[in-house]
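Before any comments, here is the structure.
The values are calculated or read from the model by the stated rules, or taken from the named source; none is laboratory data. Note that the structure is a prediction, hence the values are computed from the model and not measured. Every residue, glycine among them, receives a Cβ derived from its backbone with ideal geometry; neighbour counts consider all protein chains shown. The accessibility values were calculated without ligands, DNA or RNA, using every heavy atom of the protein model including side chains. Shrake-Rupley method; radii C 1.70, N 1.55, O 1.52, S 1.80 Å.
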Amino acid sequence: MASNNCIPCTGKGLIVSFGEMLIDFVPTVSGVSLAEAPGFLKAPGGAPANVAIAVSRLGGQASFVGKLGDDEFGHMLAGILKENGVRSDGITFDQGARTALAFVTLRADGEREFMFYRNPSADMLLKPEELNLELIRSAKVFHYGSISLIVEPCRSAHLKAMEVAKEAGCLLSYDPNLRLPLWPSPEEARNQIMSIWEKADIIKLLLVTLGEHGSRYYTKNFHGSVDAFHVNTIDTTGAGDSFVGALLCKIVDDQSILEDEPRLREVLKFANACGAITTTKKGAIPALPAEADALKLIKGA
């Protein structure tokens, strides 16, 4: 099988990531409830933003499309995207609503529980007419989650952006990323998440991430699994986003990889390595790897 070096991550095609960016407040101590936490560290978060930064960190071209509050946190987040090489021409600011916040409990096993402050937050108020359609049309890959489907007007903006991307010939990548506390009911979550299911070319659930058990892949012609890399896990935040960013970065300029099982397995091995490295530090964005980090882990395995 070809080594991973044969599939470079120097994708020049643009990957546009659509959705929410927020501030996670993470307890300074693991394994305690929010009420028991002695203090919190603020960390930039939001799966679509993490994916954009993951792509950029790996040498790819990334842009983020979403709405932030015209407040100190919103401008801080926009600054973090720019510092990490993510294009910011898809960002708008809302004068009236705050940037979303989430308090995250880190359990003793590194898994997370969430409490959100979004009533409403700026990301929920993105309108279709505020979209940078020229930017979306210039993408090779358009990536999105499901949180932006929960309420209007953001839902309409999401559907419009998908439609424009599809018409422009973009590959559509969907991470269902279920956050039940944000939905009115489990039934509503299921209905809305499934409502756009068939429009996507890549769904993270047909590339199923299994944490310490690696990943599985299912295509029309073949399926299988790729083993995980074993690392000292501290915090799983952003591991799935790192995996997605790595996958998209590798296929953006050669989508035929998705039809070629040996090459797809190499890409998934690389994506697994990126996901694993992301669990070895606290917080998502500081832990996202560069390509050399992933190749080093693969070589040493």
ask   = Using Cα-only point scatterers and the Debye equation, what is log10 of I(q)/I(0) for region 123-258 at each q in 0.11, 0.14, 0.15, 0.20 Å⁻¹, rounded to two decimals?
value = -0.45, -0.73, -0.84, -1.33
inquiry  = Report the gain in length on full extension from Ser225 to Met115: 0.36 nm times residue separation, minus Cα-Cα distance, nm rounded to one decimal.
reply    = 36.3 nm
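Once you have a ≥ b ≥ c as the square roots of the Cα gyration tensor eigenvalues for region 1-147, tell me rounded if a/c is under 1.5, and otherwise prolate or oblate according to whether a/b is larger than b/c. Write out the running numbers ahead of the final one.
Numbers: a/c = 2.39, a/b = 1.25, b/c = 1.91.
Oblate, because a/c is 1.5 or more while a/b does not exceed b/c.
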ask   = Which of the peptides 217-229, 38-50 is most tightly packed, and how do the rest follow, going by the mean number of other Cβ atoms within 10 Å of each residue?
value = 38-50, 217-229
note = Using alpha carbon centers only, region 130-183 is separated from region 26-58 by a whole-angstrom value of 23 Å
key: For region 178-299, alpha-carbon Rg relative to the globular expectation (2.2 N^0.38 Å, N residues)   = 1.11
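With the contact rule set at Cα under 8 Å and sequence spacing of 6 or more, what percent relative contact order holds for region 1-138?
On the way: 288 pairs, mean separation 37.0, N = 138.
Computed value for region 1-138: 27 percent relative contact order.
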ask   = What are the radius of gyration and Dmax of region 97-156, computed over its Cα atoms and given in Å?
value = 15.0, 45
ask   = Leaving out ligands, DNA and RNA, what percent of the accessible area of the chain is carbon and sulfur, probe 1.4 Å?
value = 52 percent
query = Which order do peptides 58-64, 249-255, 176-182, 85-91 fall in by mean Cβ count within 10 Å, highest first?
reply = 58-64, 249-255, 85-91, 176-182
query = Placing +1 at every Lys and Arg Cβ and -1 at every Asp and Glu Cβ, with all other atoms neutral, what dipole size does the chain have around its Cα centre, in debye to the nearest 20?
reply = 440 debye
inquiry  = Only Cα pairs within less than 10 Å get springs; with that Gaussian network setup on the chain, which residue of His213, His158, His143 has the largest fluctuation?
reply    = His213
query = Which value, in Å², gives the accessible area per residue of region 128-168 when a 1.4 Å probe is used on the protein heavy atoms?
reply = 41 Å²
request  = Could you tell me which of Ala301, Gly240, Phe73 has its Cα farthest along the dipole of the chain towards the positive end, charges placed at Cβ (Lys, Arg +1; Asp, Glu -1), taken about the Cα centre?
outcome  = Ala301
note = Length-normalised contact order of the chain, Cα under 8 Å, at least 6 apart, in percent, tallies to 20 percent
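Relative to the present Cα-Cα distance, how much length would full extension add between Glu212 and Glu259 at 0.36 nm per residue of separation? Before the final figure, lay out each step's value.
Values: separation 47, 0.36 × 47 = 16.92 nm, distance 2.57 nm.
Using 0.36 nm per residue and subtracting the Cα-Cα distance, I get 14.4 nm.
Starting from the Cα-Cα distance between Leu133 and Asp201, subtract it from 0.36 nm times their residue separation and give me the gain in nm to one decimal.
Details: separation 68, 0.36 × 68 = 24.48 nm, distance 2.01 nm.
Gain on stretching Leu133 to Asp201: 22.5 nm.
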request  = Looking at the chain, send over the antiparallel percent of its DSSP beta bridges, to the nearest 5.
outcome  = 45 percent
task = Find the centroid of the Cα atoms in region 216-284 and in region 91-110, then give the distance between the two in whole Å.
result = 25 Å
request  = Give me the distance in nm between label points sitting 7 Å out from Cα along the Cα-to-Cβ direction at Lys166 and Glu36, one decimal.
outcome  = 4.7 nm
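Over region 1-124, average the accessible area per residue using a 1.4 Å probe and give it in Å², no decimals. It would help to have the intermediate numbers written out before the result.
Values: 5150 Å² over 124 residues.
I get 42 Å² per residue for this part.
In Å², what does the accessible area per residue of region 246-288 work out to with a 1.4 Å probe? If you can, show how the numbers build up before the last one.
Working: 1300 Å² over 43 residues.
Per residue, region 246-288 has 30 Å² of solvent-accessible surface.
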note = Taking only the alpha carbons of region 145-218, the radius of gyration and the largest Cα-Cα distance, Dmax, both in angstrom, are 13.2, 38
query = What is the spread of the Cα atoms of the chain along each of their three principal axes, largest first, in whole Å?
reply = 54, 47, 39
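So, with +1 on the Cβ of K and R and -1 on the Cβ of D and E, and no other charges, what is the size of the charge dipole of region 78-222 about its Cα centre, to the nearest 20 debye?
Working: 18 positive and 19 negative charges, 42 e Å.
Computed about the Cα centre, the dipole is about 200 debye.
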request  = Taking the dipole about the Cα centre of the chain, with the C-beta of Lys and Arg at +1 and of Asp and Glu at -1, give me whichever of Ala276, Tyr117, Pro176 is farthest to the positive side.
outcome  = Ala276
